[in-house]
Structures are given as structure tokens and as C-alpha cells.
1. I need the full set of residues from the range 49-72 which are touching a helix residue (DSSP H, G or I) at 6+ places or on another chain (Cβ under 9 Å) and on the phi < 0 side of the Ramachandran plot, in order please.
2. Taking into account only those residues within the range 52-67 that are touching a residue at least 40 places away in the same chain (Cβ under 8 Å) and assigned to a strand (DSSP E or B), which is farthest from the chain's Cα centre (by Cα)?
Amino acid sequence: MPWTFYNASGQQLRNTGTVLATQAEMETGTALTSFVTPGRTQYHPGVAKVWANVVGTSTAAIRESYNCTFTDTGTGDYLLTCDDTDFATAHYAVVVSGRYNTNDGNQNKFRSPQARAVDTIRVTTTDVNSNLQDHLDVMVACYGDQ
């Protein structure tokens, strides 16, 4: 079914049918006249390709995640593994956040991606003295080309 597009003044812009964005258009993020289907969204550079929200104590139970598994490899030491699609290189962006304890008044402890490959990210969580320590919450999101 064709779509009709209007600008802010209500003028018709075109009526030529649906134009779907290609993978190349999504990767450059510059097309203004193409529609995106859910299956193409993953190619845009501003979309997280891998993410997880994890209980960071003892078993690293995943609350929610996308395209990954999360393994507790020791106190304050975790391994995130991509499930379906690896990154094109190991030069992708990793954002790590977490929460140590709601009662200690100092919740912003240090969290860091330690090492990454195209299919894995090692994340550590520490106390303010840089000693490895489990956290109540660990959140990781990764952005880059797959």
C-alpha cells in the first residue's frame, strides 16, 4: 500500500509507494526518504547491538538482554558473549554502568570494560579502591558495526 508524505505545512511530498531503507543507508544514517523495518534497525550506528541488565551478585542472572549471554567468572569479573552477530572489529564502543549498594551512600563505584574481541567483552566491577567487588546491578551496552 503506498504512503502519502506531508511536510509541516501540509503539502504533499510524494506518493510513490513505500521505499525501504537498505543496509547501506542504515549504516550511513543519512537517508531521509526511506522507511526502516524492524529487521534493518540493527544496522544504524546509533542502535545498541548488544546490551544486558544483570544481577551482578554470585550468579550474574540476566534480567533483560539482547544478542548476548552474561557469565559471572569471579568476584566482580564478568564475560559478555555475543549470541548471534559478532562485531566487525574489536573497536566498538562499550558503555558500562552499575549500582553497588543502595544503603552505603556511595553508589557510583568504578566499572570498566577490560578487554574486548569481536564476540566477547570482559567487564569488571570494583569498589572505590579498585578492588574487584560484585555489584547489585551491572548494565552493559555496545555500539558499533557488525
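Read-outs: derived from the displayed coordinates by stated rules, not from any lab. Here the structure is a predicted model, which is why all the values come from computation and not from measurement. Because the Cβ atoms are built from the backbone with ideal geometry, glycine has one as well, and the counts that use them run over all protein chains shown.
1. Applying the first criterion (touching a helix residue (DSSP H, G or I) at 6+ places or on another chain (Cβ under 9 Å)) to the range 49-72 yields 49, 67.
Within the range 49-72, Lys49 is the sole residue that qualifies.
2. In the first step, residues of the range 52-67 are kept if they are touching a residue at least 40 places away in the same chain (Cβ under 8 Å); the result is 52-58, 60.
Keeping just the survivors that are assigned to a strand (DSSP E or B) gives 52-55.
Working: Ala52: 8, Asn53: 10, Val54: 13, Val55: 17 Å.
By that ranking, first place goes to Val55.
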